[in-house]
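Scroll down for the structure; my scribbles are underneath it.
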Amino acid sequence: MKMFLLGAEAIAQGAMDGGISGIYAYPGTPSTEIAEYVQRSKLAARKKIHSKWSVNEKTAMESGLGMSYAGKRAMVCMKHVGLNVAADPFINSAITGINGGLIITVADDPSMHSSQNEQDSRYFGKFAMIPIFEPSNQQEAYDMAREGFSFSEKYKIPAMIRITTRLSHSRYGVETKELIDENSISLPDDPKQFILLPANSRVRYKILLENQKNFKFESETSPYNKYFDGNDKSLGIIACGISYNYLIENYPGLNCPHPIIKIGQYPLPQKMIERLNSECEKVLILEEGYPIVEESLKGFFNHGKTIHGRLDETLPRDGELNPTIVARALGFKTKEGLPVPELIANRPPELCSGCSHRDVYDALNEAMKIYGEKRVFSDIGCYTLGALPPFNSINSCVDMGASITMAKGAADAGLIPSVAVIGDSTFTHSGITGLLDAVNENSPVTIVISDNSAVAMTGGQESSASGRIKEICLGVGVQPEHVRVLTPLKKNHNEMVEVMAEELAYNGVSVIIAERECIQTITKKKKNKTEL
Amino acid sequence: MKKDIILAGVGGQGILSIAAVIGLAAIEKGLFVKQAEVHGMSQRGGAVQSHLRISSNEIASDLIPAGEADMILSVEPMESLRYLPFLSNDGWIITNSTPFVNIPNYPEMKLLLDQINSYKNVIVINADETAKKIGSLKSSNVVLLGASSEHLDIPYRNLESGIRQLFGKKGESVVQLNLAALKAGADLVSEKK
Ligand SMILES: Cc1ncc(C[n+]2csc(CCOP(=O)(O)OP(=O)(O)O)c2C)c(N)n1
Ligand code: SF4
């Protein structure tokens, strides 16, 4: 059957058709649509495939590994920075190996359309020494997800699928294949496999090292790595993942005169690359993300052939690729279109009108006046838009949960009061542990949790502790008289300013919970109701 | 046959339903369709664009190369000019004239419309006004789609069928409303001639 799917959806459909029993994920652009597709799927509902959101990427990764331990197939999904959070179980899962097939799908965001950085997850895959699949199109995304589990089981190793924004969010026709049955429960043969005590780990690590030559062999013979010969050997081209599409766009009808290696599976196919290198005068490397292939081919001394890519700025060092950039790297004259007229103004994203975060910032700005600027640490979510005019309320946004711990560190340094503004989902993702740090030292920090009962930034997913934020703060040990709950509305402005002023003046941990649902999720719920 | 279309607007204005109708119509016609969407940060009232590519052959790139788009279809007048570097020399700018003003430095309307009308192939319609007349402001994006229908190289009846497929599950009255919106948009353009 042919379906018209986003790259993200193709992976989800592939995983379901590949026989997963569960998908574990925390939302994050551009990966969110993978788990959402399974959550909406009738097939998944019928088969009771697990698809509920995890609290963060680390818990998702560990749950996926647990399902694999029990012999079933699982997929874990996240955006690139989510893999930083999940790095500990991710790296160690390569040492334990797996039982049921396990695929970790990571969506990178070059050009930072919706992210703090453009880190390249292929480094993480290489770091863990596991095979990586990188689809060039939606069909390969489907196939890699569907076939990836048996590959994972063949070597008892987790595998990574790495995609980037454009593939994740672009639709194309995908030919689906028959459904593979789920595994039944089976426990690992070796009772020590998952016990990473040093004595066991050393054994497991040797197995991982030993497997490297198998992974290389697989890459050499993989259908996703292809050598297309060409007569014009003045240049050989290596195109990884989606960059292959941009290359082919410049040679309609597949009429490229140069030899090409299309890369879709790592570790790199060494023999293929040796052939290209020995037959061609120069090599051009096209890769979306960091120059990881280029670096490994150049080596430290760069003694070999001339290699063009991002490092010598044949392609820009940062940002995503596109067909025009690739055309220029190939020396083609490109069209330019027309310039953007000067009267066109920028239109940055902004908080929706009526958003509760607006009322929080209006009140906070007033309460903070007596203390001066630059002491409000914040976090990641819709509320990060409070950094922009007209609010200009916050002074940091680094990684999920950092608002609370940075405020604590600054308070330790003597910045009193220091303030944190964090969303409900970010708080449960990574804020609770930091709050415990602050409580343990009764640090003079004022923490505002702007609780809109949703993971709004990524599309209004269900938040994991809706309605329980107050209990969590009390449970962590914040003094009950310093847990204050407010309703962020214009009419409550004065009350909010007053409460904030009181807590800012308190020399210890206080938490102000501003509770009002995101208006987008309210609208969505109403719409769904009328449609039913 | 090849049509590369940049869809433009402001987050929340529904450019993806335009893309979906054209996509469904093209698939029904047996054409290849590739569509790069926008999700995430930029959706909060910021500028958004989508690349929609239709071809009788397999489509390689998910993104349209610079200077090769056949059409910019914009639900907002200022946004219709943001992606000009993508437009080919004989490409069309088809845009709604109702501004979405959520920034303090939005250009003066007369200057903006003069600028739009200074390009070679332009269709400017007040899609919001027409949509209101037929009874649903929400269908203004479908009015705009109607206005572009002549330049899409996709038979009108396939577009109608796209609308039926997309809105079918919302009930027959929603389908009829959108079919009326499509027709109103197409009529606006043929009347102007
Ligand atoms: C480690 C990590 N995972 C996921 C994301 C993607 N992300 C950005 S903001 C956000 C959720 C924010 O939810 P919340 O804190 O409730 O704030 P809201 O958007 O609802 O205001 C997510 C999941 C990220 N940036 N980093
Ligand atoms: S989506 Fe919700 S949380 Fe985000 S800006 Fe809009 S109202 Fe606020």
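Shown in residue order for region A:250-267 are the 3J(HN,Hα) couplings computed by the Karplus curve 6.51 cos²θ - 1.76 cosθ + 1.60 at θ = phi - 60°: 7, 10, x, x, 6, 9, 5, x, 8, x, 10, 10, 9, 9, x, 8, 10, x Hz (x for Gly and Pro). Note: relative contact order over region A:226-329, using C-alpha pairs below 8 Å and six or more positions apart, is 31 percent. In this rough spin-label picture, where each label sits 7 Å from Cα along the Cβ direction, the A:ARG275-A:ARG317 distance is 3.5 nm. Among B:VAL101, B:VAL21, B:VAL48, the largest mean-square fluctuation in a Gaussian network model of chain B (Cα springs under 10 Å) belongs to B:VAL101.
Taking the fewest neighbouring Cβ atoms within 10 Å as the starting point, the ordered list for A:LEU489, A:LEU208 is A:LEU489, A:LEU208.
Using the Cβ-Cβ distance between B:ASP90 and A:PHE332 with R0 set to 25 Å, the FRET efficiency from 1/(1 + (r/R0)^6) comes to roughly 0.75. Against the compact-protein benchmark of 2.2 N^0.38 Å, the Cα-based radius of gyration of region A:356-522 scales to 0.91.
Less than 5 angstrom separates the built amide H of A:GLU441 from none of the residues sequence-distant by 5 or more or on a different chain.
Each of A:PHE427, A:PHE127 was scored by other Cβ atoms within 10 Å of its Cβ. Listed from fewest to most, they are A:PHE127, A:PHE427.
On the beta carbon distance between A:SER201 and A:LYS42, with R0 = 41 Å, the FRET formula returns roughly 0.45. Here the extension length gained between A:PHE228 and A:GLU342 equals 36.5 nm, from 0.36 nm per residue of separation less the Cα-Cα distance. Each Lys and Arg contributes +1 and each Asp and Glu -1, all at the Cβ; summed about the Cα centre of region A:309-405, the dipole is approximately 220 debye.
Ranking A:CYS355, A:TYR155, A:ALA514 by how far each Cα lies toward the positive end of the dipole of the protein assembly as shown (charges on Cβ) leaves A:TYR155 at the top. Computed from phi, the 3J(HN,Hα) profile of region A:110-120 under the Karplus parametrisation 6.51, -1.76, 1.60 (θ = phi - 60°) reads x, 6, 6, 4, 9, 8, 7, 8, 10, 4, 10 Hz, with x in place of Gly and Pro. Taking B:LYS29, B:LYS110, B:LYS138 as the candidate residues, the one with maximal mean-square fluctuation in a Gaussian network model of chain B, Cα springs under 10 Å, is B:LYS110. Shape call for chain A from the C-alpha gyration tensor, a ≥ b ≥ c root eigenvalues: rounded (a/c under 1.5), prolate (a/b greater than b/c) or oblate? Verdict is prolate for chain A. What the phi angles of region B:55-61 give under the Karplus curve with 6.51, -1.76 and 1.60, with θ = phi - 60°, is a coupling list of 7, 7, 10, 3, 9, 7, 6 Hz, glycine and proline written as x.
Between helix A:270-279 and chain A there is an angle of about 60 degrees, using the helix long axis and the longest principal axis of the Cα atoms. Take every Cα pair under 8 Å in region B:2-192 that's 6+ residues apart, average their separations, divide by the length, and report that relative contact order as a whole percent. Contact order relative to length: 22 percent. Counting only DSSP beta bridges whose two residues both lie in the protein assembly as shown, roughly 30 percent are antiparallel. With respect to chain A, whose longest principal axis is taken over its alpha-carbon atoms, helix A:87-96 is tilted by about 40°.
Under a model in which nothing but the beta-carbon of Lys, Arg (+1) and Asp, Glu (-1) is charged, the protein assembly as shown shows a dipole of about 1300 debye around its Cα centre.
Taking amide H as placed 1.01 Å from N in the peptide plane, A:VAL511 has its amide H under 5 Å from the amide H of A:ILE447, A:VAL483, A:ARG484, each at least 5 places away in sequence or on another chain. Relative contact order of chain A, please, whole-number percent, based on alpha carbon pairs below 8 angstrom and at least 6 residues apart. Taking the mean separation of contacting Cα pairs over the length of chain A, I get 11 percent.
Taking 7 Å steps out from each Cα toward its Cβ at A:ASN440 and A:SER186 produces label points 4.3 nm apart.
In summary, the helical segments of chain B meeting the span-like criteria, namely a full DSSP H run, a Cα extent along the axis of 24 angstrom or more and a mean Kyte-Doolittle hydropathy of at least 0.0, are B:172-192. As a rough footprinting exposure proxy, the listed residues B:MET1, A:MET496 were ranked by other beta carbons within 10 Å of their own, and the order from fewest upward is B:MET1, A:MET496. Please list, by residue number, every one of the trypsin sites (Lys or Arg not before Pro) in region A:405-486 that is coil in DSSP and has at most 15 other beta-carbon atoms within 10 Å. The qualifying sites are A:ARG468. How high is the FRET efficiency from B:ASN102 to A:GLU366, r the C-beta distance, R0 30 Å, rounded to 0.05? It comes to 0.80.
Could you tell me what percent of the DSSP beta bridges with both partners in region A:226-329 are antiparallel, to the nearest 5?
Of the beta bridges lying entirely in region A:226-329, close to 20 percent run antiparallel.
Across B:LEU144, B:LEU179, B:LEU113, mean-square fluctuation computed from a Gaussian network of chain B (C-alpha pairs under 10 Å connected) peaks at B:LEU113.
In degrees from 0 to 90, rounded to the nearest 10, what is the angle of the helix A:519-531 Cα long axis to the longest principal axis of chain A? Once rounded, one gets 70 degrees.
Quick note: the coordinates plus some simple rules give every number you see, no bench work behind them. Quantities reported herein were computed from a predicted structural model and do not represent experimental measurements. With ideal geometry, Cβ positions are generated from the backbone for all residues, glycine too; neighbour counts draw on all protein chains shown.
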